[in-house]
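The values are calculated or read from the model by the stated rules, or taken from the named source; none is laboratory data. A quick note: this is a predicted structure, and the numbers were derived from the prediction, not measured. Cβ sites come from the backbone with ideal geometry, for glycine too, and all protein chains shown count toward neighbours. For the accessible areas, the whole protein counts, side chains as well, though only heavy atoms, and no ligand, DNA or RNA atoms are used. Shrake-Rupley method; radii C 1.70, N 1.55, O 1.52, S 1.80 Å.
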Amino acid sequence: MSVRGFIFCCLLAISIAQDETNNKLFPKDFMFGAATASYQVEGAWDEDGKGENIWDHHIHSSPELIANNDTGDVACDSYHKYKEDVAMLKELGVDFYRFSLSWSRILPTGFVNKVNLPGVTYYQNLIKELKDNGIEPLITIYHWDLPQPLQDIGGWPSEFIVEAFAEYARLCFELFGDNVKYWLTFNEPYQICIGGYGLGYNAPGIKLTGLGDYMCAHHILQAHAKAWHIYDQEFRATQQGQVSITIDTMWYEPASDSEEDLVAAERALQFDFGWYANPIYNSDYPEIMKTRIAERSLAEGFKQSRLPAFTDEEIAYISGTFDYMGVNMYTSMLAAAKDEVPIAEPSYFYDLGIDGYQPDDWESASISTSKITPWGIRKFLNWLKETYNNPAIIVTENGIPDNSSVIDDVKRVRFYRDYLSNVRSAIEDGVNVIGYAAWSLMDNFEWGLGYTQKFGLYHVDFDSINRTRTPKTSAAYYKKVAETHCLVDTCEE
Ligand code: NOJ
């Protein structure tokens, strides 16, 4: 059956629950998209002059850290199959494709002295293919794959990285910016820093919680700001695009209506999301982080806070470096107050000091910690509106994993319907949400979980050399939503 035939046949089979789903049309100019990231889909890890990055290195040197010893060496082979990817996007009828650039495919050493032309051509071709098909590129400049040579000299916790990233970003604007309206400097800095330099579950696997993560964040914020200013001063007038950063969080719901739990939930949001968002959308790190980390650091015997301080100039330079707000949100957690953890080793989580948990009776996706909480996204979006002065928001990722190769993924259909319903309700609440991207366009390499967890609207057969792509039932539903702007059978204006 052709892809088109499959999609229409599945669409008929979907029973769209009308009951509690928001039945208002999404605004006409609301943008629907789908997302991926370079290391997770491209493969061709050492082809055509690409340099080694921290995920290549991490996986090749410690294969046991990844489920089934999986690697991203070939992944979805999008380096060779990008035209198929664009055909899928076209079939879905989405407005934009969010993908990321592999820094070491463009700059094999990480520095701008050597530009790898085949890498540049690959992205130029992808962008052209998208534009020819009426799909806007939304480009993430950095989605976790740092060139290994830059890690060898310190990576994100080292100051030199700010300038290295700024030069890389400038080159990206120069090379691709004439055809790009939406940019993101970074994807999920929390995961880069906590995962890479705090708990060590992401590359480069450094375990220095309460220190490495804070230093990493400090430079990411400066690097983001520098890239935004470069765009603003050198490119905005001619390219007229928009630059932001995508920050992720769970929604933290107070475990009870006690004052202590309300405080704990707000603290969790500030430590998780506000850590990055407050310096950019307001100014400086959240007060609660500055106070708690300084107190605990001194009690631990440090001479100064483990949270580095910005100068007044830096605070002013970072504040306001956004043209819209990018957010990734998947799940929620209950937050409860807890007794202060006795002074011991440095730890981001001791600094945070709350009890976070997900009740067993919340519905799970395939990963038990990824509970399905559609109501959380509405609360989160409203919190963003209140906390950051109602910015224009693009939900740059939202989705659900499963651990089998199911094509008739009715649970994912329900997930998208219910989360999008809450996004629509948030718009009615007055939140300025302008776009939404499903994670992911297709099944891909899910970091430490390898290929065991599948998020795709399209199934990818990782056992076939062709990496055959097949639309799932969720692709049919998402296509209907992207085309009609309606979550149910018929919508009201
Ligand atoms: C967050 C990350 O941006 C993406 O790389 C990851 O695959 C998805 N969420 C799902 O975990």
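Here are some notes:
- For segment 300-339, the list of GluC sites (Glu not before Pro) that fall in a loop by DSSP and count at most 16 other C-beta atoms within 10 angstrom is empty.
- The dipole here belongs to segment 259-401: it is taken about the Cα centre, uses +1 on the Cβ of Lys and Arg and -1 on the Cβ of Asp and Glu, and is about 260 debye.
- The chain: relative contact order as a whole-number percent, Cα under 8 Å and 6+ apart: 20 percent
- A viscosity of 1.002 mPa s and a temperature of 20 °C, combined with the Kirkwood radius over Cα pairs in Stokes-Einstein, give a translational diffusion coefficient for segment 414-474 of 159 µm²/s.
- Across segment 379-462, Cα pairs under 8 Å and at least six residues apart give a relative contact order of 37 percent.
- From the alpha carbon centroid of segment 307-345 to that of segment 101-178 is 26 Å.
- In the chain, the DSSP-assigned H stretches of four residues or longer account for a calculated mean residue ellipticity at 222 nm of -12000 deg cm²/dmol, using -39500 (n - 2.57) per stretch and the full residue count as denominator.
- Cα centroid separation - segment 67-83 against segment 207-270, whole Å: 29 Å
- Under the combined filter of DSSP loop state and at most 15 neighbouring Cβ atoms within 10 Å, segment 318-419 retains these trypsin sites (Lys or Arg not before Pro): 338.
- Toward the positive end of the charge dipole of segment 98-151, with +1 on the Cβ of Lys and Arg and -1 on the Cβ of Asp and Glu, the farthest Cα among 103, 140, 127 is that of 103.
- Rounded to the nearest 20 debye, dipole of segment 85-157 from Cβ charges on Lys, Arg, Asp, Glu: 200 debye
- When only the Cβ of Lys, Arg, Asp and Glu is charged (+1, +1, -1, -1), the dipole of the chain relative to its Cα centre reaches about 1060 debye.
- What the Cα atoms of segment 98-231 give is an Rg and a Dmax of 14.9, 47 Å.
- Relative protection proxy for 148-159, 178-189, 55-66, from highest mean packing down: 178-189, 148-159, 55-66 (other beta-carbon atoms within 10 angstrom).
- Once all protein chains are placed together, residue 407 keeps about 50 Å² accessible to a 1.4 angstrom probe.
- Note on segment 417-449 and segment 387-409: Cα centroid distance 4 Å, given to the nearest whole angstrom.
- Cα lying deepest toward the dipole's positive end in segment 153-284, options 191, 172, 155, charges on Cβ: 172
- Zero-based 10 Å bins, Cα pair distances in segment 95-145, whole percents: 26, 49, 23, 3
- For the chain, the residue among 241, 367, 275 whose Cα projects farthest onto the positive side of the dipole built from Cβ charges is 241.
- All lysines inside 20 Å of residue 24 as judged from Cα atoms, apart from same-chain residues fewer than 8 positions distant: 379, 479, 480
- Taking 12 Å as the straight-line reach from the Cα of residue 290, the aspartates and glutamates in range (excluding those fewer than 8 positions away in the same chain) are 351.
- Per-residue ³J(HN,Hα) for segment 159-175, Karplus 6.51 cos²θ - 1.76 cosθ + 1.60, θ = phi - 60°, Hz, x for Gly and Pro: 5, 4, 5, 4, 5, 4, 5, 4, 5, 4, 5, 4, 4, 4, 4, 4, 6
- Measuring against 26 Å, Cα to Cα, the residue pairs 50/128; 50/371; 90/371; 181/472; 226/454 contain 50/371; 90/371; 181/472; 226/454 as the ones spanning a longer distance.
- Semi-axes of the equivalent ellipsoid for segment 177-316, Cα gyration tensor, largest first, Å: 29, 18, 16
- Relative contact order (%) - segment 117-266, alpha-carbon pairs under 8 angstrom, separation at least six: 26 percent
- Compactness of segment 348-493 - radius of gyration and Dmax, Cα, Å: 16.9, 50
- Alpha-carbon Rg/Rh ratio, for the chain, with Rh computed the Kirkwood way: 0.94
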